[in-house]
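Asker: Structure below; questions to follow.
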Amino acid sequence: MTTFAPYQDSVIRGAITAQPLTCSIGAELIDVDLAQIAHDDALFAELRALLLEYKVLFVRDQDISRADHVALAERFGPLEDHPVLGSDPENPGLVRIYKDLDSPPEHYENAFHCDATWRVNPPMGSVLRCVETPPVGGDTIWVNMGEAYRRLPERVKDQIAGLRARHSIEASFGAAMPYERRRELAHRFPDAEHPVVRTHPETGEQILFVNSFTTHLVNYHTPQNVRFGADYAPGAAELLHYLMRQATIPEFQVRWRWTKNSFAIWDNRSTQHYAVQDYWPAVRKMERAGIVGDATF
């Protein structure tokens with residue numbers, strides 16, 4: 001469990017000072033140079049420990065090169081591309097999330113989600129940079145899904161133990177595409193199946209692992225849950241929707257106001273996020289280095 005006292009001031013871990021932003025998730029790093037951390041083993045070890053503790057880290061005023069951005073992310077592991085969003089041609093794995101008047105309709109983020117859970121191995125995390133932001137609006141919210149699981153009623157924890165769910169890119173990014181393109185996307189990335197409660201591979205924490213990419217529970221239809229076949233679809237859907245709504249609870253959240261050259265580094269295994277799209281017709285440009293993850297269990 002990660003709970004920070006409301007009165008807690010800055011926390012110093014070796015050479016890095018972290019300022020907690022809420023009682024459950026998020027810290028801002030003070031007076032750090034991400035380019036230096038990218039090339040320093042000891043500093044990176046501190047950063048990684050802080051990430052496991054706070055789940056999302058924020059840093060402002062980092063006018064660093066794209067190469068250093070990529071180098072920092074690659075300290076966590078190999079980077080992955082995205083089949084729908086475009087990448088920087090000179091830095092593979094640095095995905096450009098540019099929102100302007102010409103952005104295609106499938107480029108949406110304003111739903112609580114955990115990145116790319118439609119992959120068999122969802123991303124470990126991401127390093128996201130703000131390139132351009134509106135003068136007002138365009139914030140991003142992150143959610144502590146370990147805390148969301150911990151505070152579920154015990155009867156619900158018992159009910160979802162052992163349940164698994166399907167996650168789909170076809171039903172999300174693909175939904176706005178023409179039929180042939182949608183089916184080609186589904187062929188390249190068949191629906192993935194993950195446990196409803198995931199165990200974090202580094203901390204052992206139990207994580208509620210359903211989000212807006214989740215389409216349905218796959219093993220709900222048992223004699224313990226279903227009296228008649230008519231119970232199956234509504235019962236499973238109502239439970240799934242209840243679980244997905246946990247991400248909307250403010251006590252589990254932190255909200256970050258972007259400025260140019262600010263960064264967010266998050267653990268995708270234990271969080272969800274929501275990019276608030278309240279800024280049209282202003283422009284918002286972000287660059288994200290997503291880190292390859294491992295199998296869920």
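Asker: For the stretch 245-255, how many residues are out of contact with any helix residue (DSSP H, G or I) (no Cβ under 7 Å at 6 or more places or on another chain) and buried (at least 19 other Cβ atoms within 10 Å of the Cβ)?
Answerer: So the count comes out to 2.
Asker: Inspect the stretch 77-90 for any residue being in contact with a Lys or Arg (Cβ under 6 Å, 6 or more places away or on another chain) and either crowded, with 18+ Cβ neighbours inside 10 Å or over 29 Å from PHE189 (Cα atoms) (or both) and give the result as yes or no.
Answerer: No, every residue in the stretch 77-90 fails to be in contact with a Lys or Arg (Cβ under 6 Å, 6 or more places away or on another chain) and either crowded, with 18+ Cβ neighbours inside 10 Å or over 29 Å from PHE189 (Cα atoms) (or both).
Asker: Still on this structure, please answer the following. Of everything in the stretch 275-292, what is more than 26 Å from ASN91 (Cβ to Cβ) and buried (at least 21 other Cβ atoms within 10 Å of the Cβ)? Give them in sequence order.
Answerer: Within the stretch 275-292, none qualify.
Asker: Return the total of residues in the stretch 216-234 being surrounded by fewer than 20 Cβ atoms within 10 Å (Cβ to Cβ) and within 18 Å of PRO195 (Cα to Cα).
Answerer: 6
Asker: Report, by residue number, each residue of the stretch 261-282 that is touching a strand residue (DSSP E or B) at 6+ places or on another chain (Cβ under 6 Å) and of a type outside the set (Ser, Thr, Tyr). Steps first, please.
Answerer: At the first step, the residues of the stretch 261-282 found to be touching a strand residue (DSSP E or B) at 6+ places or on another chain (Cβ under 6 Å) are 262-268, 270-275.
Residues satisfying the conditions are PHE263, ALA264, ILE265, TRP266, ASP267, ASN268, GLN272, HIS273, ALA275.
Asker: Of everything in the stretch 115-133, what is over 15 Å from the mean Cα position of the chain (by Cα) and part of a loop (DSSP other than H, G, I, E, B)? Give them in sequence order.
Answerer: VAL120, THR133
Asker: Checking the condition crowded, with 20+ Cβ neighbours inside 10 Å and either touching a strand residue (DSSP E or B) at 6+ places or on another chain (Cβ under 7 Å) or under 19 Å from LYS157 (Cα atoms) (or both), which residue from PHE173, PHE213 passes? Show your work before the answer.
Answerer: On the way: PHE173 fails: either touching a strand residue (DSSP E or B) at 6+ places or on another chain (Cβ under 7 Å) or under 19 Å from LYS157 (Cα atoms) (or both).
Going through PHE173, PHE213 in turn, the sole match is PHE213.
Asker: Something else: Output the residues belonging to the stretch 260-271 that are out of contact with any His (no Cβ under 6 Å at 6 or more places or on another chain), among the polar types (S, T, N, Q) and crowded, with 19+ Cβ neighbours inside 10 Å.
Answerer: Residues satisfying the conditions are ASN268, THR271.
Asker: Quick one: in the stretch 134-153, which of the residues that are of a type outside the set (Asp, Glu) and in a loop (DSSP other than H, G, I, E, B) is surrounded by the most Cβ atoms within 10 Å (Cβ to Cβ)? If you could, list the steps in order and put the result at the bottom.
Answerer: Narrowing the stretch 134-153 to residues of a type outside the set (Asp, Glu): 134-138, 140-146, 148-153.
After this cut, where a residue has to be in a loop (DSSP other than H, G, I, E, B) as well, the list is 134-138, 151-153.
Working: PRO134: 16, PRO135: 7, VAL136: 10, GLY137: 15, GLY138: 23, ARG151: 15, LEU152: 18, PRO153: 8.
This residue is GLY138.
Asker: For ARG284, which of the numbered conditions (1) more than 16 Å from the chain's Cα centre (by Cα); (2) of a type outside the set (A, V, I, L, M, F, W, C); (3) within 18 Å of LEU57 (Cα to Cα) fails to hold?
Answerer: The one condition ARG284 does not meet is (3).
FYI, it's all coordinate maths here, none of it is from the lab. Here the structure is a predicted model, which is why all the values come from computation and not from measurement. Note: ideal-geometry Cβ built from the backbone for every residue, glycine included; neighbour counts use all protein chains shown.
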